[in-house]
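Below you'll find the structure, written out as structure tokens, and then a few comments.
The values are calculated or read from the model by the stated rules, or taken from the named source; none is laboratory data. Because the structure is a prediction, the values reported are computed rather than measured. For neighbour counting, all protein chains shown are included, and Cβ atoms are generated from backbone atoms with ideal geometry for every residue, glycine included. SASA here: full protein model, heavy atoms, side chains in, ligands and nucleic acids out. Shrake-Rupley method; radii C 1.70, N 1.55, O 1.52, S 1.80 Å.
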Amino acid sequence: MDDSIAVGTEIDGFRLEERIHTGAMGHIFRVTGPDAGFPMIMKVPRLGSGESGESLISFETETMILPVLSGPHVPRFVAAGDLTKTPYLVTEWIEGESLERALARGSLATAEVARIGSAIADALHSLHVGDTIHLDLKPDNVILKPTGEVALVDFGLAYHAHFPDLLAEEERFAAGSAPYISPEQVLGTRSDPRSDIFSLGAVLYEMATGELPFGVPATMAGMRDRLWRDPVPPRVRSPGVPPWLQEIILRCLEPRAEDRYQSAALVAFDLRNPDQVGLTARAEKSGQAGFLEHVRRWWRSRHERAAPRRTPNAQVAVTPVIMVAIDTTHPEDERQPALQRATAQALSLSPDFRLICVSVIPGGPGGGATSEAASPSGIYLDHLVRLRHWVEPLRLPARRLSLHVVEAASPEKTLLEFARRNNVDLIMVGAPHPAQQALAWWRSVASGVTANAHCSVHVVRVPGRAA
Amino acid sequence: MIIALLSDIHGNFGALNACLKHASESGAGRYAFLGDLVGYGAEPREVIETVAGYAAGGAVAVKGNHDEAVAKTPSYMNEAVRAVADWTRETLSGDAKSFLASLPLCVREEDMCFVHASAAAPERWEYIDSPSAAQRSIDAAGAAYTFSGHVHEQELYFEGARDRITVFQPTRGSAVPVRRHRRWLALVGSVGQPRDRNPAAAYALFDSERSEITFHRVPYDHLAAARKIRQAGLPASIAYRVENGI
């Protein structure tokens, strides 16, 4: 089969134009054919004599999962050949540079780490919401698109909760790439989306320091080390890494999934809001754990077993990001306590949430200033104090909460954009008040947000007060 | 061709009708009844009449242990089930009883095998409750696809890496690719007596051209079905199970 595949061959209407990659799993060609409206590539698995069936299982997994994925973070599926006759997979060719190639030039500046890292986290979050786990996140599989988004490629080791896991029993092969895989993957668990968050931590570590957190282990025992050994803190390797970034990286790299970020959306949020990162001892860590601590963890890791079964989407759902729009220009408004009560109720439904409080205050055209220094007027701090006062009765720990005052001409647009960018799951907003007909902008906020939000919206009304 | 796979109807005519309607609306062109047309439910006559009609039109129908028990109640059945078997025997016409008696234990067609319990020894009514039990049935079936019931749950056993049999819990309504080069055993769930605390009827659709199977749950008036069981004077425990899906 390998020999018959050459540039110029035509397979089911697709013409092989140029071989762009040959790897352990097979070949990749640029192809032309039935016009899909975008450039295409064809993957052809290795099938020659002496090849094991493993590359084919991974190929089969990818042809099963890719057709049901959609969005800017994945290549579009075009066609697949009959696995038993002419196995091939045609997908969109994603323009852009791989993160692997970008990293070959050296480690990245903090702002770049945060920008690319948050884009990868967005991509992972959209996969997880779609009940899919990538399980092979590494710089080679991250394409930096010219739009600033990233696309994830190679779903050969991926898991989709709606499909049988063909790789479930394949411990040796399904493990993924040794430097990046999570401890639970080493143990054979393939159904925990938090595995991707661990790999994201390894990628962030590499971007920030130019080095791999666990080296390149060649043996199973070497891979098991990450169940109990912690990596050299990024700031030790690269003093320019700020404490907040070390906090994020080390939290992603926690050996136990329950100690990591519980959803990729929360990682993206922290990377975009460094001043809101709740710092712990991780941020200032300057060495690895001591001998006794390592022995304790090693002992515990011997008993470490597979995580509880929960679909990726359900895992994400227990860690909702809730955004509440608070009108700090009218702190005495009778709707404020109602909004507070509704927020408290929404938070009580989940033990692991993130609350984002946003106040949009009238500002310059386009607006968008979010920090004290950048605020064109001096009222930012005043509104921040009011926000803090509003949220204080909820008594939330700092790591679950973030406060944002944004000056903008259009509150509706600003709230919608803010919600989308931060992967918000639920927006809470006060309903228009009958006595506030004059405040037309407020009315348009509630109705406009409800009509155009990417997620659910909870419009809070004062009982008995019809609009 | 889309084939509707219906098993363990257990004399529940309302549940059967709901599934048949759902299947026909989903484009089903063929039907396969995987046994246990009777037992538990209060409308065995109506169920047999309907299934016999489909069978005359070319549908597959195989025998289940409750169908066999109408001819002779086996000793392993508990008191309530025996009571229903006795009642069913008195209720059914001679024609209906001979239809049940005429059903084959196993039907093989192209790369599909239809059997109520295990293809390994259909007459022993072995439950497919483990990968090894599934392996035995798949080996005996000698087909890419084995479709069964008996276990009142929806599960998909498949040959994974290293040819090891693995079980998968399907998501209802979500098409699962089941490619022909692997071997698959689908437990399609029970139309008339689901036991997963969800009273909705269970069945599956197999699309032979696309090589996809989709497991469905279809709500129907299960309270009416339970009422009919009580009205027929059958054991209240059985009505309770239908009401609660247990």
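For the range A:260-292, a residue qualifies if it is more than 15 Å from A:PRO243 (Cα to Cα) and assigned to a loop (DSSP other than H, G, I, E, B), and the qualifying residues are A:ARG260, A:TYR261, A:GLN262, A:SER263, A:GLN288, A:ALA289, A:GLY290.
Helices (runs of 4 or more DSSP H) fully within the range A:42-144 that include at least 1 residues being within 14 Å of chain B (Cβ to nearest Cβ) and polar (S, T, N, Q): A:54-65. In the range B:23-35, the qualifying residues are those that are outside any loop (DSSP other than H, G, I, E, B) and under 16 Å from the mean Cα position of the chain (by Cα), and the one that is nearest to B:HIS66 (Cα to Cα) is B:PHE33. The set of residues from the range A:135-160 being buried (at least 24 other Cβ atoms within 10 Å of the Cβ) and in contact with a Phe, Trp or Tyr (Cβ under 7 Å, 6 or more places away or on another chain) comprises A:LEU135, A:LEU137, A:GLY156. Per the conditions (1) open to solvent by 20 Å² or more (accessible area, probe 1.4 Å); (2) farther than 27 Å from B:CYS113 by Cβ, the sole criterion not satisfied by B:TYR76 is (2).
Residues are listed down the side, and each one gets a yes or a no for (1) farther than 30 Å from B:GLU212 by Cα; (2) touching a residue at least 60 places away in the same chain (Cβ under 8 Å); (3) away from chain B (no Cβ under 14 Å):
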site: A:LEU157; (1), (2), (3): no, yes, no
site: A:HIS162; (1), (2), (3): no, yes, no
site: A:ARG190; (1), (2), (3): no, no, no
site: A:ASP196; (1), (2), (3): no, yes, yes
site: A:ALA208; (1), (2), (3): yes, yes, yes
site: A:LEU227; (1), (2), (3): yes, yes, yes
site: A:GLY240; (1), (2), (3): yes, yes, yes
site: A:PRO243; (1), (2), (3): yes, no, yes
site: A:ILE249; (1), (2), (3): yes, no, yes
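Residue count for the range B:7-27 satisfying the condition of being closer than 25 Å to B:GLN231 by Cβ and open to solvent by less than 30 Å² (accessible area, probe 1.4 Å): 10. Any chance the range B:96-106 includes a residue that's within 14 Å of chain A (Cβ to nearest Cβ) and crowded, with 18+ Cβ neighbours inside 10 Å? No - not one qualifying residue is present in the range B:96-106.
Of the numbered criteria (1) modelled with pLDDT of 95 or more; (2) among the aliphatic types (A, V, I, L, M); (3) in a loop (DSSP other than H, G, I, E, B), the one B:ILE229 fails is (3).
The one condition from (1) among the hydrophobic types (A, V, I, L, M, F, W, C); (2) in contact (Cβ under 8 Å) with a residue 60 or more places away in the chain; (3) assigned to a helix (DSSP H, G or I) that B:VAL38 does not meet is (3). Do the conditions hold for A:GLY215, that is, is it within 14 Å of another protein chain (Cβ to nearest Cβ) and over 17 Å from A:THR132 (Cβ atoms)? No, not satisfied.
For every residue, the table says whether it meets (1) closer than 14 Å to A:GLN185 by Cα; (2) among the aliphatic types (A, V, I, L, M); (3) out of contact with any Ser or Thr (no Cβ under 8 Å at 6 or more places or on another chain).
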residue	(1), (2), (3)
A:ASP230	no, no, yes
A:PRO239	no, no, yes
A:LEU250	no, yes, yes
A:LEU253	yes, yes, yes
A:ARG256	yes, no, yes
A:ASP259	no, no, yes
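Checked against the criterion of being touching a helix residue (DSSP H, G or I) at 6+ places or on another chain (Cβ under 8 Å) and either surrounded by 22 or more Cβ atoms within 10 Å (Cβ to Cβ) or at pLDDT below 90 (or both), the candidates A:ARG272, A:ARG237, A:ARG297, A:ARG302 yield just one match: A:ARG297. Can you confirm whether B:VAL115 is under 30 Å from B:GLY233 (Cα atoms) and either open to solvent by less than 50 Å² (accessible area, probe 1.4 Å) or polar (S, T, N, Q) (or both)? For B:VAL115, the condition - under 30 Å from B:GLY233 (Cα atoms) and either open to solvent by less than 50 Å² (accessible area, probe 1.4 Å) or polar (S, T, N, Q) (or both) - is not met. Restricting attention to the range A:67-93, the residues that are surrounded by fewer than 22 Cβ atoms within 10 Å (Cβ to Cβ), among the aliphatic types (A, V, I, L, M) and under 23 Å from the mean Cα position of the chain (by Cα) total 2.
When the criteria are applied in full, A:ARG251 fails the requirement of being surrounded by fewer than 18 Cβ atoms within 10 Å (Cβ to Cβ) and under 19 Å from A:SER182 (Cβ atoms). Is it the case that B:GLN231 is under 22 Å from B:HIS10 (Cα atoms) and within 14 Å of chain A (Cβ to nearest Cβ)? No, not satisfied.
Scanning for something more than 14 Å from every other protein chain (Cβ to nearest Cβ), closer than 27 Å to B:ALA42 by Cβ, open to solvent by 60 Å² or more (accessible area, probe 1.4 Å) and charged (D, E, K, R), does the range B:197-207 turn up at least one residue? Scanning the range B:197-207, I find at least one residue that is more than 14 Å from every other protein chain (Cβ to nearest Cβ), closer than 27 Å to B:ALA42 by Cβ, open to solvent by 60 Å² or more (accessible area, probe 1.4 Å) and charged (D, E, K, R), so the answer is yes. Evaluate the range A:258-265: report whether one residue or more is touching a residue at least 24 places away in the same chain (Cβ under 8 Å), open to solvent by less than 10 Å² (accessible area, probe 1.4 Å), within 19 Å of A:LEU103 (Cβ to Cβ) and in the same structural domain as A:HIS125 (by TED's automatic domain parsing). The answer is no, given that none of the residues of the range A:258-265 is touching a residue at least 24 places away in the same chain (Cβ under 8 Å), open to solvent by less than 10 Å² (accessible area, probe 1.4 Å), within 19 Å of A:LEU103 (Cβ to Cβ) and in the same structural domain as A:HIS125 (by TED's automatic domain parsing). So in the range A:405-415, with the set limited to residues that are buried (at least 19 other Cβ atoms within 10 Å of the Cβ) and not small (Gly, Ala, Ser), which one is farthest from A:SER348 (Cα to Cα)? Restricting to residues being buried (at least 19 other Cβ atoms within 10 Å of the Cβ) and not small (Gly, Ala, Ser), the top hit is A:GLU407. If only residues of the range B:137-177 that are under 14 Å from B:ALA202 (Cβ atoms) and surrounded by fewer than 18 Cβ atoms within 10 Å (Cβ to Cβ) are counted, the one that is farthest from the other protein chains (Cβ to nearest Cβ) is B:GLU153. Of the set (1) open to solvent by 20 Å² or more (accessible area, probe 1.4 Å); (2) modelled with pLDDT of 95 or more, all apply to A:ASP196 but (1).
When the test is whether a residue is at pLDDT 95 or above and either out of contact with any helix residue (DSSP H, G or I) (no Cβ under 9 Å at 6 or more places or on another chain) or open to solvent by 40 Å² or more (accessible area, probe 1.4 Å) (or both), B:ARG30 passes it.
For the range A:168-192, how many residues are assigned to a loop (DSSP other than H, G, I, E, B) and either out of contact with any strand residue (DSSP E or B) (no Cβ under 8 Å at 6 or more places or on another chain) or at pLDDT 95 or above (or both)? Matching residues across the range A:168-192 total 16.
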